[in-house]
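Report on the following structure.
The values are calculated or read from the model by the stated rules, or taken from the named source; none is laboratory data. Because the structure is a prediction, the values reported are computed rather than measured. Please note: Cβ atoms are built from the backbone with ideal geometry, for glycine as well, and neighbour counts cover all protein chains shown.
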Amino acid sequence: MTGLACGLATGLLVAVGAPSYAEVDPGTEPVPVPDRDLLLTFDAVDDTGLPLLDALGTPDVVGAVSSVPGGVVTAGPDRSASGHSLRMAGFVPDQPAAPAVLVVRPVAGAADRTDPGVENFTFGADFLLDSLSGVSSTDNGDNLVQRGLVGPNAQYKIQLDGGYPLCRVRGSEGAVAVRATEPVPAEQWNRVRCRRVGERVILRVVTVVDSLRQVREYVKTGPTGSVSYPDGQFPFAIGGKVDQAGDVLADDSDQFNGLVDDVVFRHLD
């Protein structure tokens, strides 16, 4: 992993066992869920105004930023005066990206909270996509939350290429991808969740525009099997792609361009 950016220190604790978010509107308050769930709210900053990761509930994961030189994560605005979001790198046309991705791992000896195995699970985030986003030689999309890469290994991810949310889940029995048929509005807070329930993969997108709540769900069916990561390979990543060791893919980052908030991973009964 490369050097840390913007105040996210090595070994800084983040939220596990904290309240998680219900499947409701962006900006609503969290509700309690079991200890095994993960919620990152990014509401606190340090004395210099740089973002910290919450240490709520059982602190058994750590977060750090993997970046190339010049890649940073800063504190962005929340939807209220009481919190913050993560400001990810903006898109720069015709120039190499300077990606910075938040990587979350369990502490030594702790359970891997974001390894679902054969369980049903859901994951996602609130986000605001920049109006300027596109394709360059090193930034070929907007990957929001993911673990693993496309290929023979396990993967789950949410991306927003061209503003269209897409969820992909791949396990030991196959891959299922479901894509929204409408793009999300830029410069507007949205919420996206992806659920793997049996052989169904469900993509849910919630947007509030002019006080009008819009909810859309998309479903694909197919076997995925166990989604497992032996030895903690391909750690949980927010805002772009990392390799098996957790290092940002500098030449193929799919850096998310915008604000990210309230990242959640939940094991479903």
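Some observations on this one:
- Of Val192, Val201, all but one fail to be buried (at least 18 other Cβ atoms within 10 Å of the Cβ), of a type outside the set (Phe, Trp, Tyr) and out of contact with any Phe, Trp or Tyr (no Cβ under 8 Å at 6 or more places or on another chain); the exception is Val201.
- The residues of the range 151-165 that are within 14 Å of Asn190 (Cβ to Cβ) and assigned to a strand (DSSP E or B), listed by number, are Ile158, Gln159.
- Filtered residue count, the range 120-142, keeping only those that are at pLDDT below 90 and touching a His at 6+ places or on another chain (Cβ under 7 Å): 0
Results for (1) within 18 Å of the chain's Cα centre (by Cα); (2) β-branched (Val, Ile, Thr), shown as yes or no for each residue.
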{"position": "Gly148", "(1), (2)": "yes, no"}
{"position": "Ala154", "(1), (2)": "yes, no"}
{"position": "Ile158", "(1), (2)": "yes, yes"}
{"position": "Leu166", "(1), (2)": "yes, no"}
{"position": "Arg170", "(1), (2)": "yes, no"}
{"position": "Ala186", "(1), (2)": "yes, no"}
{"position": "Val192", "(1), (2)": "yes, yes"}
{"position": "Ile202", "(1), (2)": "yes, yes"}
{"position": "Tyr218", "(1), (2)": "no, no"}
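- Residues that are surrounded by 20 or more Cβ atoms within 10 Å (Cβ to Cβ) and within 14 Å of Ala154 (Cβ to Cβ) within the range 164-174 comprise Arg168, Val169, Arg170, Gly171, listed in sequence order.
- Cross-chain or 6+ apart pairs with Cβ under 7 Å, the range 89-109 first and more than 17 Å from Asn143 (Cα to Cα) and among the β-branched types (Val, Ile, Thr), then assigned to a loop (DSSP other than H, G, I, E, B) and modelled with pLDDT under 85: Val107/Asp60
- Looking only at residues of the range 231-257 that are touching a residue at least 60 places away in the same chain (Cβ under 8 Å) and on the phi > 0 side of the Ramachandran plot, we find that the one that is surrounded by the most Cβ atoms within 10 Å (Cβ to Cβ) is Gly239.
- Ala186, sole failed condition from (1) assigned to a strand (DSSP E or B); (2) touching a Ser or Thr at 6+ places or on another chain (Cβ under 8 Å); (3) surrounded by 15 or more Cβ atoms within 10 Å (Cβ to Cβ): (1)
- Of the set (1) surrounded by fewer than 17 Cβ atoms within 10 Å (Cβ to Cβ); (2) out of contact with any strand residue (DSSP E or B) (no Cβ under 8 Å at 6 or more places or on another chain), all apply to Ala110 but (2).
- Residue check for Pro51: modelled with pLDDT under 85 and more than 27 Å from Thr114 (Cα to Cα): no
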